[in-house]
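Derivation of every value follows stated rules applied to the coordinates shown; laboratory data play no part. Quantities reported herein were computed from a predicted structural model and do not represent experimental measurements. Positions of Cβ are generated from backbone atoms using ideal geometry, with glycine treated the same way; all protein chains shown enter the neighbour counts.
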């Protein structure tokens with residue numbers, strides 16, 4: 001069986017690491033970003049992949065930077081057939097890409113060349129894509145520009161959010177990387193059509209803020225792309241309101257409704273007008289308060305139709 005250096009950090013990479021171990025591959029080294037302080041107690045916590053590595057007695061390497069003579073020498077000393085890179089979080093320099101005897105293989109959560117970059121799952125949902133998938137590719141010096149080895153495609157459920165889709169794609173990625181390693185010598189790499197490439201970026205705080213001047217489908221897609229974490233926000237009576245559960249409403253309101261206007265109240269939610277169409281908010285969390293149902297929010301704040309959400 002081939003010898004592999006696995007480079008990955010978050011939960012998304014865990015199923016692939018487990019699957020490669022279970023398939024009998026020798027994982028000689030895990031390269032992960034350093035452990036960080038998390039939670040209210042600010043305790044240092046292992047990265048998700050490190051926890052799996054320790055359970056399987058895999059050596060762990062966590063440099064602050066992957067660039068430098070010591071890092072290159074360490075990786076070269078492993079004498080690995082493959083470097084498998086899944087959501088590692090750092091760009092590999094050329095001298096590292098050249099180390100493995102066979103290849104550096106990256107697993108990416110999109111149908112490349114669509115959605116290259118750091119947030120492919122979120123951007124697929126933001127833009128209302130009906131399908132997505134995972135791809136394995138040979139790594140080069142570009143950002144997700146390498147030749148494609150294999151692809152698995154899946155339909156996106158209309159109600160799926162970033163959390164559920166990430167979990168599904170992580171499982172698909174695990175199956176695909178095991179198959180790619182197993183069949184590597186028989187695979188014929190395919191060049192990407194770079195003219196069709198689209199790009200993502202890291203999401204920012206401003207991406208969480210709902211713009212009610214958008215159409216209802218865009219507002220709903222924004223919610224899906226940022227759920228369950230970090231979530232989308234708006235404002236109510238000049239205070240922040242975190243929206244925890246939203247559904248689309250399949251009806252149009254009169255042209256006189258203002259974007260952000262609360263249109264109707266019901267036990268299961270309250271409807272809010274968008275530039276076109278509306279959405280129904282089912283769960284929310286007012287600033288400095290606990291999450292609450294729409295009914296509790298309506299009763300507790302004496303919400304009236306005609307009030308506005310947003311700035």
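Considering only alpha-carbon pairs that sit under 8 angstrom and 6 or more positions apart, the relative contact order computed for region 1-131 is 26 percent. A Förster radius of 22 Å, combined with the Cβ-Cβ distance separating residue 188 from residue 131, puts the computed FRET efficiency at roughly 0.40. A Förster distance of 45 Å, applied to the separation of the beta-carbon atoms of residue 91 and residue 217, puts the FRET efficiency at 0.85.
Computing Rg and the Kirkwood Rh from the Cα coordinates of region 86-130 gives a ratio, Rg/Rh, of 1.08. If you sort the three axes of the alpha carbon gyration tensor as a ≥ b ≥ c, you get a/c of 1.5 or more for region 14-90 and a/b no higher than b/c, which makes it oblate. Region 247-311 and region 181-236 have Cα centres spaced 25 Å apart. Cα-based radius of gyration for region 183-228, normalised by 2.2 N^0.38 Å, reads 1.89.
Counted residue by residue at 0.36 nm each, then reduced by the alpha carbon distance between them, the extension gain from residue 73 to residue 171 reaches 32.0 nm. Protection proxy ranking of 155-161, 64-70, by the mean of other Cβ atoms within 10 Å over each peptide's residues and highest first, is 155-161, 64-70. Between 192, 45, 62, the GNM of the chain built on Cα springs shorter than 10 angstrom shows 45 fluctuating the most. Between 301, 88, 199, the Gaussian network model of the chain with springs among Cα atoms under 10 angstrom shows the greatest mean-square fluctuation at 301. Once the Cβ-Cβ distance of residue 268 and residue 164 is raised to the sixth power relative to R0 = 22 Å, the FRET efficiency obtained is 0.55.
Our summary gives the chain a relative contact order of 13 percent, counting only alpha carbon pairs under 8 angstrom and 6 or more residues apart.
Its relative contact order, with pairs defined as Cα atoms under 8 Å and 6+ residues apart, puts region 111-176 at 35 percent. Once the convex hull of all Cα atoms in region 183-311 is built, its volume per residue stands at 175 Å³. Springs between Cα atoms under 10 Å define the GNM used for the chain, and in it the highest mean-square fluctuation of 87, 257, 170 occurs at 257. The fraction of all Cα pairs in region 3-196 landing in successive 10 Å bins from 0 to the largest distance is 9, 37, 37, 16, 2, 0, given as whole percents. Arranged from fewest to most other beta-carbon atoms within 10 Å of their beta carbon, 212, 115 become 212, 115. Report note on the peptides 139-148, 221-230, 8-17: ranked by the mean count of other C-beta atoms within 10 Å, highest first, their order is 8-17, 221-230, 139-148. Taking the average, over residues, of other Cβ atoms within 10 Å as the packing measure, peptides 277-284, 73-80 rank 277-284, 73-80 from highest down.
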